[in-house]
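Derivation of every value follows stated rules applied to the coordinates shown; laboratory data play no part. Small disclaimer: the values here were computed from a predicted structure and weren't measured. Every residue, glycine as well, gets a Cβ built from its backbone with ideal geometry; the counts of neighbours run over all protein chains shown.
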């Protein structure tokens, strides 16, 4: 039985459609995962027919069993958001055929494939949620062939053979990050296989699975840091004078997770409560200017992060206006990933970098 190339067109087409609109955390560290899906081989019916007819048989008809369930278990080490090394165990299942000759007997053949692999994986983040990845590596597979025929000239009663060999493997995939620790994968892979009777061919595996990365931590729910600048109070004159307004500038930093859901720009209920708390602290202040500035981490493209940071800044502005702040006094900026305050290579650092700041400039009346 010969295994030849099986088309991965369907899997690649699906990948192209979805990837255009997953980025998992780019923190270095170990991860594990498991995938399950459908494996498929192309059985060379023409070669089998030719071989049987060369032995004097005629009227050959063949029924193929060229699909099965395959799975893989794997682990790897991620060096950064773009590169990882991954190894694991795979079982591609069992494939076979049944050849029938006109009143001359039958021949059944099947092959089982399992083994180990070691791959280099390259990843490209698209957004905070999505990334695409490709892999190239080697597989060390064991192929077990079994044949059973009703005529001595075509194996009787049965023959089994096995072979272990090393070949290449390649693949493409799409990944969706639920959190910094947990993601889902969908991928298509091609394994080059040598069977036990001298044939070479490809087996494709289209699968989905889950990946868990160790060491990632959820971001803190909210970080409010009110940092008023020093207030200069003029020396009181000898006589009692009416209270005088004093210029003040205050800046508040909100963690993105405190205001928005993952990869969203609509202020959630907890975020509205945090902004209400800010407004309550501004009671008694004559507000002249408010500046809302959005920031992101480095996951995803520069253009996407710039737009996301601006949408979040505009969402905060809209909420402040809805609570009575004059629209002409509120300004917005989107800084994207350009002004990090922590290391984007760690989950904790990325959480700090995903933030919105609100700077308030105005004056307070201070009793003399």
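For the reader, a short list of remarks on this structure follows.
- Two numbers describe the Cα atoms of segment 62-147: Rg and Dmax, which are 19.2, 64 Å.
- Antiparallel %, DSSP beta bridges [both residues in segment 238-357], to 5: 60 percent
- Segment 250-368 shape via C-alpha gyration tensor axes, a/c threshold 1.5: prolate
- Order of 53, 184, 123 - criterion: other Cβ atoms within 10 Å of each residue's Cβ, fewest first: 53, 184, 123
- Gyration tensor (alpha-carbon) shape descriptor, segment 299-368, a/c threshold 1.5: oblate
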